[in-house]
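> Below are the structure tokens for one structure; questions will follow.
The values are calculated or read from the model by the stated rules, or taken from the named source; none is laboratory data. Small disclaimer: the values here were computed from a predicted structure and weren't measured. We place every Cβ from the backbone using ideal geometry, glycine too, and count neighbours over all the protein chains shown.
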Amino acid sequence: MSSLRHRLVSTSHGLIAVEDDGGAGVPFVLIHGNSACRSVFVRQAESELARKARLITFDLPAHGQSDDALEPARSYTLHGLADATIELLAELGVSEAVVLGWSLGGHIGIEMLSRFRGIRGLVITGTPPIPKGGFAEGFVGSPHQSLPSRRHLSHDQVDAFARMIFGDPVEPFLREAIARTDGRFREQLFQSALAGENVDQRLAVEGSRVPIAVINGSADPLIKLDYIDSVAYGNLWDGRCHRLKGVGHAPFWRAASEFNAVVGRFLDDLMA
């Protein structure tokens, strides 16, 4: 496994912090969730996946070591985040890539299906491909009315948010990431979604021929697994959605070995 190379990349959305292992394989871009950071993928970066692909992780605008957006109304939307990711890849000289997105990161990946011609495959985890205005179809509860959408979070709310998305024990780095995130990001992201400014994600995955792997935790408390399984994906890898037994919203962390094995098979199939 190559050693990770960290740097800040200048984009029109601000400086973006990137870790790129510089490997010779296909670029494999991992996109974190709302109010998290690139460190959530350390168990992928330290696995056999790094031998199969060139792993690239980064902090979204307003997160981690990346800048807060220069123009929040432009950057803090799914369109803006997808564009920021595509611009970052161009700065890295990446014209083709496989994308893995967790939660919000998966929604960004779906947004990229029609915006990034070089996408060779997509892995989504914790991400219901919902129609416009269809939060209730894919999510348990109303994320636009709860912690993920709040501009200001107290210390206890940060802790509750971390437990919600990652489970116990709460990782200190995740608590720090949530506290660091620009609160305007959460607020603007959901305002944009409620205004219908995003693509219809169900139609996007049903109409795409890009291979899509769906991997979720069977005990995810935030998403409706049966809804996700019911979507008529245009090119569903392995012919089914995968559920990792007994884990919640972060299967790549809580069941890393099993998760990485499934992703490794997906990469092998794409490269065959």
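> Does Ile31 fit the bill of being touching a Ser or Thr at 6+ places or on another chain (Cβ under 8 Å) and within 25 Å of Lys132 (Cα to Cα)?
Numbers: touching a Ser or Thr at 6+ places or on another chain (Cβ under 8 Å): yes; within 25 Å of Lys132 (Cα to Cα): yes.
So Ile31 passes the test.
> Just to confirm my filter: which strands (runs of 3 or more DSSP E) fall fully inside the range 1-66 and include at least 2 residues that are β-branched (Val, Ile, Thr) and in contact with an Asp or Glu (Cβ under 7 Å, 6 or more places away or on another chain)? Give the steps one after another, and end with the answer.
On the way: elements: 5-11, 14-20, 26-31, 53-58.
Result: 5-11, 53-58.
> Please indicate, with yes or no, whether at least one residue in the range 215-232 is without any contact (Cβ under 8 Å) to a residue 24 or more places away in the chain and basic (Lys, Arg). Quick ask: steps written out before the conclusion?
So the first thing to find is which residues in the range 215-232 are without any contact (Cβ under 8 Å) to a residue 24 or more places away in the chain, and the list is 225-226, 229-230.
Going one step further and asking which of them are basic (Lys, Arg), we end up with none.
No, that holds for no residue.
> Looking at (1) of a type outside the set (Lys, Arg); (2) out of contact with any Leu (no Cβ under 7 Å at 6 or more places or on another chain); (3) not in a helix (DSSP H, G or I), which is the one condition that is false for Glu206?
(3)
> Condition check: modelled with pLDDT of 95 or more, assigned to a helix (DSSP H, G or I) and buried (at least 21 other Cβ atoms within 10 Å of the Cβ). Does Ile110 satisfy that?
Numbers: modelled with pLDDT of 95 or more: yes; assigned to a helix (DSSP H, G or I): yes; buried (at least 21 other Cβ atoms within 10 Å of the Cβ): yes.
In short, yes.
> Does any residue of the range 184-193 turn out to be at pLDDT 95 or above, part of a helix (DSSP H, G or I) and either in contact with an Asp or Glu (Cβ under 6 Å, 6 or more places away or on another chain) or under 21 Å from Gly121 (Cα atoms) (or both)?
First, the residues of the range 184-193 that are at pLDDT 95 or above: 184-189.
Filter once more, keeping what is part of a helix (DSSP H, G or I): 184-189.
When the remaining residues are screened for being either in contact with an Asp or Glu (Cβ under 6 Å, 6 or more places away or on another chain) or under 21 Å from Gly121 (Cα atoms) (or both), the result is none.
Looking through the range 184-193, none of the residues is at pLDDT 95 or above, part of a helix (DSSP H, G or I) and either in contact with an Asp or Glu (Cβ under 6 Å, 6 or more places away or on another chain) or under 21 Å from Gly121 (Cα atoms) (or both).
> Residues of the range 130-143 being more than 14 Å from Gly196 (Cα to Cα), surrounded by 15 or more Cβ atoms within 10 Å (Cβ to Cβ) and out of contact with any Pro (no Cβ under 8 Å at 6 or more places or on another chain), which ones?
Across the range 130-143, the qualifying residue is only Pro143.
> Among (1) in contact with a Gly (Cβ under 7 Å, 6 or more places away or on another chain); (2) closer than 24 Å to Pro251 by Cβ; (3) without any contact (Cβ under 8 Å) to a residue 60 or more places away in the chain, where does Gly33 come up short?
It is condition (3) that Gly33 fails.
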